[in-house]
Each structure stands twice: as structure tokens, then as C-alpha cells.
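One structure below.
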Amino acid sequence: MVALDCPRLEGGRDHQARLTCCALAVALAVTMLMSLSHGASGVSLWSLTLGDAMPARDRLILWEIRLPRMLTGILVGASLAMAGAVMQGLFRNPLADPGLVGVGAGAGLGAVLAIVLGGMAPLWLGAALGYHLVPVAAFLGGWLSTLLLYRVATRSGRTSVATMLLAGIALGALAGAVTGVLVYIADDRQLRDLTFWGLGSLGGASWPKLMAAGPVMILALVAAPFLARGLNGLALGEAAAHHIGLPVQRVKTVAILTVAAATGAAVAVAGGIGFIGIVVPHLLRLATGPDHRFLLINAGLAGAILLLLADLIARSIIAPAELPIGIVTATLGAPVFLWILLRRRGVVDL
Amino acid sequence: MLVAEDIRVVLGKAAVLHGITAEAHAGEVTVIVGPNGSGKTTLLRALTGDVGFRGRVRLNGRDCSELQAWELAALRGVLPQASALAFPFTVAEVVRLGLTAAVHADRGDLVARALAAVDMLGFAARLYQELSGGQQARVQLARVLVQVWEPVVDGVPRWLFLDEPVASLDIAHQLDVIGLMRGFAERGGGVVSVLHDLNLTAMVADRVWLMDQGRLTGQGSVTQVLTDEALERAYGCRLRVGCLPPAGGWFALPQAVGGQGT
């Protein structure tokens with residue numbers, strides 16, 4: 001991506017966006033340290049300076065609990081925010097969310113199926129997946145629903161974004177109905193699992209889970225910035241994007257796969273965490289403009305920061321117990337979102 | 001040279017274009033005229049590949065269907081009739097999108113020059129969505145202009161395809177755009193444009209394609225194609241064409257108001 005500088009011209013916001021990127025990187029580093037040094041156990045980061053004299057318990061807490069949790073938080077937050085930004089660019093609509101194209105619904109259905117019917121799974125499957133059954137099912141559900149939608153919306157090599165959006169709504173409703181049936185037949189313990197999974201949490205983060213879902217999220221995060229030029233062009237509409245020289249169909253295919261991978265993997269490890277995918281890109285667009293060359297990267301950074309902060313709140317507000325993180329993101333995200341809408345109402349079209 | 005061979009377009013069950021064969025030359029402005037629904041825009045959209053068609057379109061001797069998007073983008077800029085823009089981009093950012101496929105390094109001031117050409121330089125930092133319809137149209141034109149700023153590159157002419165570029169503009173800016181079209185052609189590029197205004201057409205066109213009910217009923221110079229009879233046949237109303245004495249400027253005057261069963 002070559003930066004296009006217009007020296008004698010106002011109206012470029014590149015400089016501002018680059019500064020924001022640097023500021024967000026610094027903020028992320030600070031948030032990471034805060035996330036590592038805070039927790040119910042009271043172990044502080046200073047114990048790292050003890051070196052070999054560090055108590056085994058502290059080492060365990062830092063390396064086996066807080067570090068994977070922090071890394072999971074970074075990847076999930078970045079994936080959700082970046083997937084939101086990609087989806088919004090693809091649909092040319094700032095309110096589009098991975099939940100809309102059925103990835104969220106599909107992933108949720110997969111998880112609910114695993115929770116309620118997991119006990120009926122063949123023994124070898126249960127033995128092979130162990131407690132990864134729910135994340136793996138969520139991941140598969142997200143992927144399968146995306147593939148299905150993509151097939152429905154693609155005819156002779158062209159993907160209709162409108163068809164996909166509508167089919168996503170239909171698939172979401174269908175997944176909701178099946179989920180409803182499963183909730184109806186679930187027992188009390190399963191209902192509790194369902195509720196907590198649906199609200200989202202980083203509490204289940206562990207190295208094995210991170211190793212399973214992390215590479216998928218990293219792949220999506222690395223791929224997304226390469227979509228920047230394509231998504232900028234798509235803002236003009238598909239025909240105009242083609243005429244300025246973009247391989248429109250390839251951009252759409254890669255964007256859909258990226259969103260499916262990022263959202264499927266994120267939902268698989270952390271459950272349903274809302275608002276990051278809508279609020280973060282929206283705030284950044286207001287601050288530094290909609291140029292995806294900066295928006296995607298900045299959204300990834302800001303999403304990671306926001307989720308780490310939400311996680312800090314979730315595990316400290318009623319410590320030693322934990323709030324589901326989805327409650328925190330929704331409680332913080334929804335009012336901010338409404339406030340933005342009210343403040344900007346009538347100034348700029350959404 | 002642009003060559004359209006037997007272009008047929010069917011939308012739904014209706015045949016919209018019935019086998020159009022025509023050519024346009026680099027160094028000339030070719031204007032497509034005709035009444036509403038005659039297939040002007042559909043023909044332009046077929047030439048630019050925006051609508052499925054049977055037949056063949058060759059641009060500078062190459063079959064357009066065999067060219068990649070970036071190859072086409074290097075050869076031609078396309079201005080559609082209506083342009084919607086998602087997200088609050090500034091005017092400068094919108095015009096810069098026209099440089100997406102550009103490969104030259106010295107494109108820094110192109111955006112400014114294109115904005116100046118459409119008289120929008122002072123609006124560079126404004127949000128596109130805050131502009132009036134006519135201003136937005138000029139910004140879109142600037143975006144298309146930066147894409148093919150040099151009308152000829154390495155001896156190969158480049159093309160502008162414009163669908164009603166003056167539709168929402170005031171008379172002064174209409175003349176500006178007409179001037180830009182002429183300038184582009186005079187420097188060796190090719191321009192193909194849909195226009196409604198016959199008098200503007202006469203001012204700018206080297207070649208006219210007259211469309212009527214999905215057929216090309218005439219192609220050639222203004223005086224060859226736009227005759228009293230041809231216009232009355234196509235538009236269904238009486239028009240008198242003539243030339244103003246001093247400079248010989250062509251004009252068409254309506255001879256009666258509509259709605260009277262003329």
C-alpha cells in the first residue's frame with residue numbers, strides 16, 4: 001500500500017490517522033501491562049522482577065492464566081473490531097456487523113448444539129475434543145453458515161451483497177428458532193452454560209484454546225489490511241470500484257472469508273461479545289475518516305484495547321467473581337453508540 | 001478506436017438494444033443522443049461492461065472482455081449517471097480513489113489539478129456528503145479525470161465514458177465540462193458521452209450516435225445526423241435545426257409546446 005500524498009491540498013487525513021495509530025499502539029501496550037498485573041489473586045507484575053525467586057503460584061497465575069487470557073483478549077477484540085470494519089466496508093453500511101451475515105448466528109447455533117446435545121456425541125468425538133467441543137462447534141457453525149450464505153448470494157461468479165444481507169437475516173432467524181428449541185429441551189445446568197456462553201467471557205482462555213483459535217484470528221488480522229484499497233473503492237459502489245481497476249469479486253471473496261474466520265474463531269473462544277464490531281470502527285471513522293488503509297489497523301488496535309479494558313472491569317468489579325464480558329461491552333457500548341448517533345444526527349449521513 | 005459490434009442487451013424479457021454496431025475514434029468526442037428510454041445509457045453501460053450483452057466491444061483493438069479490471073482502468077475512466085458514496089470521505093479522498101490503479105509516482109498534485117479543472121479546489125477538505133448534487137457530480141468527474149489524466153500514454157489513446165456528465169450542472173459548469181471533453185479529445189484521447197441537450201451536443205460532438213427504441217438510427221457528424229426529419233422521427237416533436245450566421249454554431253429550436261397532440 002503506497003501512501004498517496006497530496007502536498008498542496010487539504011482534505012487528506014492521513015497524518016491524523018497515522019498519529020492515532022501510534023497513540024493506539026502505545027495505549028495497547030499500557031493496557032496489556034494493566035491486564036497482566038491485575039487480577040483476583042493479587043499477584044502483581046513486580047513479581048516478574050524476582051526472577052527465579054518468583055513463587056511457583058505467581059508464575060502459574062501469570063503464565064498459565066493471565067497471559068493466555070490477555071493474548072486471547074487482544075486477538076478476540078482485534079478480530080471483532082476488524083471484522084466489523086471489513087463487513088461495514090463490504091456492505092457499504094456502517095451498521096453492518098458480522099452478526100448480520102449469519103456468522104454470529106451460525107457460530108451461536110454451533111455452540112448451543114454442542115452444549116445441549118454434546119452429551120449425545122459419539123464417545124470418540126467427546127474424547128478427541130474434550131472441552132474444546134463448544135468452541136470447535138461454534139467455529140464450524142460460523143464457517144458453514146458463511147459458506148451457505150455465500151453460495152446462496154453468488155451467481156455466475158458475482159456475489160450480491162443485498163441478497164447476502166437478506167439471506168443472513170433469514171438464516172439468523174432460522175438459527176434463532178433452532179436455538180430456541182434447544183433451549184427449550186435443555187436442562188438447568190445446560191441453560192446456565194448457554195446463558196454464560198451467550199454473554200461472552202474470556203474466563204475460559206487457556207493456552208490450548210488459544211493455540212487452536214489464535215492462528216485463525218492472526219491469519220484474518222494479517223489478511224484484512226490488504227483489503228483496504230478494495231474496500232475504499234467499494235465505497236463508490238461495485239461498478240465504479242471495477243472501473244477504477246479493482247478485482248471486485250476477489251475483494252468480496254477475501255473479505256467474506258476474513259470475516260468468517262475472524263468472527264468464527266473469536267466467538268468460538270470467547271462467546272458472544274457484542275458492540276465491539278460496530279462501535280470501534282464507527283468511533284474511528286468519526287475521528288480519522290473512513291480510509292480503510294488506516295481504519296482497519298486502527299480498529300484492530302482499538303478493539304484489542306477496548307476488550308482488555310472491558311475484561312479488566314468484568315473481573316474486578318465484583319471480584320473475586322466475574323461478570324460476563326458481553327454485559328460490560330454492551331453496557332459501555334450501547335450508550336456511547338446512542339450518544340454518537342444523537343450528536344451526529346443530521347450532520348452526516350450514516 | 002472503439003468498435004462496438006452487434007451489441008444486443010436483454011433486460012428481463014425485454015430486448016433493450018437490438019444489435020448496435022458503431023465506432024468512435026480517439027481524438028474525437030462522440031455523443032450518444034436520443035429520447036428517454038431509447039437505450040443511450042444501456043449502450044454506454046454495455047460499452048463499459050456494466051450490463052450483460054451479446055456482441056463485442058473492442059477498445060484500441062483489444063477485446064474488452066479479455067482485459068483485467070486494472071488493464072481497463074488504465075485505458076479508460078467511466079462516469080456513471082448517479083454516484084452514491086458510502087462513508088464520510090472528504091472531497092480530496094474521493095478524487096484520490098481515482099488513482100487506485102495508477103502506477104506513476106508523480107501523481108501528488110493530480111488530485112489538486114483535477115479538482116481545479118472542475119472548479120472544486122476550494123472544497124477539497126469538505127465532506128462529500130455535504131455537497132450539493134451538482135458539486136458531487138463535479139467531484140465524481142474529477143475522480144474519473146485523475147484516472148486518465150494524460151489522454152495519450154506511450155502512444156496509446158485513453159478514453160472517457162461519461163453518462164450525462166452535465167445533467168445536474170448550471171450552465172457555466174456545463175460549459176466547463178463540455179470544454180474538458182473537447183480538451184481531452186484535442187489532446188488525443190477519446191470521449192464517448194451520453195448527453196440530453198442537443199445544443200450542447202452540437203457544440204462538443206465530432207460524431208453523434210442517434211438512438212431510437214434500442215436501435216442506432218444514425219451515426220456521423222452533427223449536421224449529417226441531427227436533421228429536422230431525423231429528430232422529429234426520434235423525439236416525436238417538431239424541431240428546427242439551423243446555424244447561427246457569424247460562427248456557424250448549430251442549434252435546434254422546438255417548434256411547438258408538447259401535450260397539445262402535436
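Brief remarks on what is shown
- Residue-wise HN-Hα couplings along region A:200-211, as the Karplus relation 6.51 cos²θ - 1.76 cosθ + 1.60 with θ = phi - 60° gives them from phi, are x, 6, 9, x, x, 5, 8, 4, x, 5, 5, 5 Hz; Gly and Pro carry x.
- Working note: Karplus 6.51/-1.76/1.60 with θ = phi - 60° gives region B:53-60 the couplings 8, 9, x, 9, 10, 10, 10, 6 Hz, where Gly and Pro are set to x.
- A:Leu166-B:Gln255 pseudo-label distance in nm [points 7 Å out on the Cα-to-Cβ vector]: 4.9
- Averaged over B:42-53, number of beta-carbon atoms from partner chains that fall within 10 Å: 1
- Pair A:Ser206, A:Leu219: separation of 7 Å Cα→Cβ label points (nm): 2.4
- Surface/4 estimate of mean projected area, convex hull on alpha-carbon atoms of the protein assembly as shown, nm²: 34.5
- Applying the Kirkwood pairwise sum to the alpha-carbon positions of chain B produces a hydrodynamic radius of 19.1 angstrom.
- Chain A: most fluctuating residue of A:Ser44, A:Ser145, A:Ser79 per GNM, C-alpha cutoff 10 Å: A:Ser44
- In region B:1-152, the convex hull through the Cα atoms has an average projected area of 10.2 nm², a quarter of its surface area.
- A Förster radius of 45 Å, combined with the Cβ-Cβ distance separating A:Val178 from B:Gln213, puts the computed FRET efficiency at roughly 0.25.
- For the peptides B:72-80, B:127-135, the ranking by mean Cβ contacts within 10 Å, running from highest to lowest, is B:72-80, B:127-135.
- Cβ-derived FRET efficiency at R0 30 Å, B:Ala172 paired with B:Val10, nearest 0.05: 0.15
- Percent of C-alpha pairs per 5 Å bin in region A:154-300, short distances first: 2, 8, 12, 17, 18, 17, 12, 8, 4, 2, 0, 0.
- By the rule of a C-alpha distance below 15 Å, with chain neighbours fewer than 8 residues away ignored, the aspartates and glutamates paired with A:Lys252 are A:Glu238.
- Separation of region B:196-234 from region B:105-173 is 27 Å, based on Cα centroids.
- Residues whose amide H falls under 5 Å from that of B:Gly190, counting only those 5 or more places apart or on a different chain, are B:Gly27, B:Arg158, B:Trp159, B:Leu160, with hydrogens built in the peptide plane.
- Reachable lysines from B:Lys13, criterion Cα separation under 25 angstrom, eight or more residues apart if same chain: B:Lys40
- Two-decimal Rg to Rh for chain A - Kirkwood Rh, Cα set: 0.99
- Net charge of neighbours whose Cβ lies under 13 Å from the Cβ of B:Val31, counting Lys and Arg as +1 and Asp and Glu as -1: -2
- Placing a pseudo-label 7 Å from each Cα along the Cα-to-Cβ vector at A:Thr195 and A:His15 gives an inter-label distance of 5.4 nm.
Only the coordinates and a few stated rules stand behind these numbers; no lab work does. Note that the structure is predicted; figures quoted are calculated from it, not measured. Cβ coordinates were reconstructed from backbone atoms using ideal geometry, including for glycine residues, and neighbour counts include every protein chain displayed.
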